[in-house]
Amino acid sequence: QAMETYTTDDALTAMGFGRFQALVLVYAGTGWLADSMELMLLSFVGPLVRQQWDVSPQYESLLSSVVFTGMLIGACSWGYISDKYGRRTALLFSIVLTTGAGFVSALSPNYRSLLAFRFLVGVGVGGTHVFSSWFLEFVPAKNRGAWMIVFSVFWTIGTIMEASLAWVVLSGLSWRWLLAFTALPCSVLLLLFVIAPESPRYLCVQNRMSDATHVLERMAKTNRVALPPGVLTYQKETQLADHLSNPANSQSGGHLPVRENDGAVDNAAMSSKSGGVAAVRKLFSPKLLRSTLLIWFVWFANSFAYYGLVLLTSQLSDANRRCTASAGQKSEAQQKNVNLYKDVFITSLAEFPGLVISAIIVDWFGRKATMWILLFGCCAFLGPLAVHQKESLTTALLFGARACGMGSSTVLCLYAPEVYPTSARSTGVGIATAIGKIGGIVCPLIAVGMLRSCHQMEAVLVFELVLGLAGVACILFPVETKGREMK
């Protein structure tokens, strides 16, 4: 008689979203909150550091560039480490690096050392995407869309917290204190790391079925529900037919091994020596190549737009004044600089409506449609800004664009981990995130460079083109993952 079996998806569906997943959500969410604070920090520290050490504007912008460069390297590295050595290993080392470099950078004796330490913070923050992949691997397919939106709220809370922290700290203390306080949430993650579980999906892919079963049993106990009857297996019962008919394949260890010939797990991915290489190869397999290339472009466009909208908020009104005012009015206009902390605070609030909209429609219209609707919506809000508008209308349009941009970015962070199989998930999302960082590096050249030279229409048209093409790319995605089990 065939042995009764169940998969990780069966177990997660039976358990639902309970107390255990809520704890994982808070831990992973705090990781995102900490990383968004480290990124928003760049808006405040540059001008203060330039003032203290009298560095050129080019060197000031280098402070942002080295962080993004570090993130680009970190995004690839932590994804590779996560798929090869486990989610917990990647999380631990990225948290240690972000925390350590964050605190030490507050003690920087000169500008060069500050650049070096912030680069290391960037490498650490590059592991942000592992938090989202790790969290999603605990969530049942039915709830995944809505809970990814809830998870993304932590990022927005982080941006608002950093703006508030800067407002309070910089009014009475130096920028060094801001760096130290910003590193605190990450240090909390380090203290609580011992309770963070390994992903049962990852353990299944590594054929560590007893470890995976132990995690699922812990989840069931915490959620006060029962696991499905039988033993945990990596594949569906239908895929086990010929395995069960062959007694030579049976094991005495109480679980079924992963078959090497059914394509569920690449045999190379099971080897610790070649796991990362096999994961990269899988991304370019005929089945995944189109998805991979389209995800890369959409991630680039989303990052380009997100960081661009943050910069546009402070640059557009300034450009409007400088480019339309007479010489006599310019000095007067320069006295009316908008409070940077208030600007960041207000524009960050725009992310909440974006999250709410995407939460409402992501499990209704599906991932693909939600992304292209929001990307085209972002284009519609940005369009009128090709010409000078009143400051209140400019703020309202940017608010709408930021809401749409945040919504599409969040759905993309949900869609990409669902497209990739567990053995290549972190590597796939990591490389896509790294491609996105290139968008973050290139964007200031457009948003700031063109606006400072009074080319507002050209700057907005570049954003329209990138976002429009990204919307088309979403329509061309080969698969819809709404309600689909994670492979």
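The values are calculated or read from the model by the stated rules, or taken from the named source; none is laboratory data. Everything numeric in this text was worked out from a predicted model, so none of it was measured. Glycine gets a Cβ as well: all are built from the backbone with ideal geometry, and neighbour counts include every protein chain shown. When the accessible area is computed, the model is the full protein with side chains, heavy atoms only, and any ligands, DNA or RNA have been set aside. Shrake-Rupley method; radii C 1.70, N 1.55, O 1.52, S 1.80 Å.
What residues qualify as long-range amide H neighbours of Thr5, i.e. H under 5 Å apart, gap of 5 or more or another chain, H built at 1.01 Å from N?
The answer is Val231.
Are there any trypsin sites (Lys or Arg not before Pro) in segment 374-463 that are in a DSSP loop and have at most 12 other Cβ atoms within 10 Å? List them by number. Walk me through the intermediate numbers first.
On the way: sites: Lys390, Arg402, Arg425, Lys437, Arg452; in loops: Lys390.
Counting only loop positions with at most 12 other Cβ atoms within 10 Å, the trypsin sites (Lys or Arg not before Pro) in segment 374-463 are Lys390.
In the full protein assembly as shown, how much of Asp363 is accessible to a 1.4 Å probe, in Å² to the nearest 10?
Asp363 has an accessible surface of roughly 60 Å² with all protein chains in place.
Take every Cα pair under 8 Å in segment 1-142 that's 6+ residues apart, average their separations, divide by the length, and report that relative contact order as a whole percent. Each step should come with its number before you reach the end.
Working: 145 pairs, mean separation 50.7, N = 142.
Normalised by residue count, the contact order of segment 1-142 is 36 percent.
Quick one: of Lys390/Lys482; Lys437/Lys482; Lys221/Lys282; Lys221/Lys482; Lys84/Lys437; Lys142/Lys287, which pairs are farther than 32 Å apart, Cα to Cα?
Numbers: Lys390/Lys482 41 Å; Lys437/Lys482 27 Å; Lys221/Lys282 36 Å; Lys221/Lys482 28 Å; Lys84/Lys437 23 Å; Lys142/Lys287 25 Å.
Lys390/Lys482; Lys221/Lys282, as the Cα separations exceed 32 Å there.
Can you list the HN-Hα couplings for segment 150-165, worked out from phi with the Karplus curve (6.51, -1.76, 1.60; θ = phi - 60°), rounded to whole Hz and with x for Gly and Pro?
4, 4, 5, 4, 4, 4, 5, 4, x, 5, 5, 4, 5, 4, 5, 4
Among Val387, Gly468, Thr422, pick out the residue whose Cα is farthest towards the positive end of the charge dipole of segment 348-487, where Lys and Arg carry +1 and Asp and Glu carry -1 on C-beta, about the Cα centre.
Value: Thr422.
Could you order peptides 409-421, 105-117, 373-385 by the average number of other Cβ atoms within 10 Å of their residues, highest first?
Top to bottom by mean Cβ count within 10 Å: 409-421, 373-385, 105-117.
In debye, nearest 20: dipole of segment 1-126 around its Cα centre with unit charges on the Cβ of K, R (+) and D, E (-)? Walk me through the numbers before you get to the answer.
Numbers: 7 positive and 8 negative charges, 70 e Å.
It comes to approximately 340 debye.
With the full set of protein chains in place, find how many percent of the accessible area of segment 38-79 is carbon and sulfur; take the probe as 1.4 Å. Display every interim value, and only then the final one.
Values: 1020 of 1780 Å².
It is 57 percent, rounded to a whole number.
Return the Rg/Rh ratio of segment 91-204 with Cα-based radii and a Kirkwood Rh. Before the final figure, lay out the partial values.
Working: Rg = 16.4 Å, Rh = 15.8 Å.
That ratio is 1.04, to two decimals.
Can you tell me the dipole magnitude for segment 140-240 around its Cα centre, using point charges on the Cβ only (Lys, Arg +1; Asp, Glu -1), in Debye to the nearest 20?
Numbers: 9 positive and 5 negative charges, 40 e Å.
Taking the Cα centre of segment 140-240 as origin, the dipole is about 200 debye.
Of Leu63, Leu23, Gln52, whose Cα points farthest to the positive end of the dipole of segment 1-82 (charges on the beta-carbon: +1 Lys, Arg; -1 Asp, Glu; origin at the Cα centre)?
Of the candidates, Gln52 comes out farthest on the positive side.
Roughly how many debye, to the nearest 20, is the charge dipole of segment 23-94 about its Cα centre, given +1 on each Lys and Arg Cβ, -1 on each Asp and Glu Cβ, and no other charges?
Working: 4 positive and 5 negative charges, 59 e Å.
Approximately 280 debye in magnitude.
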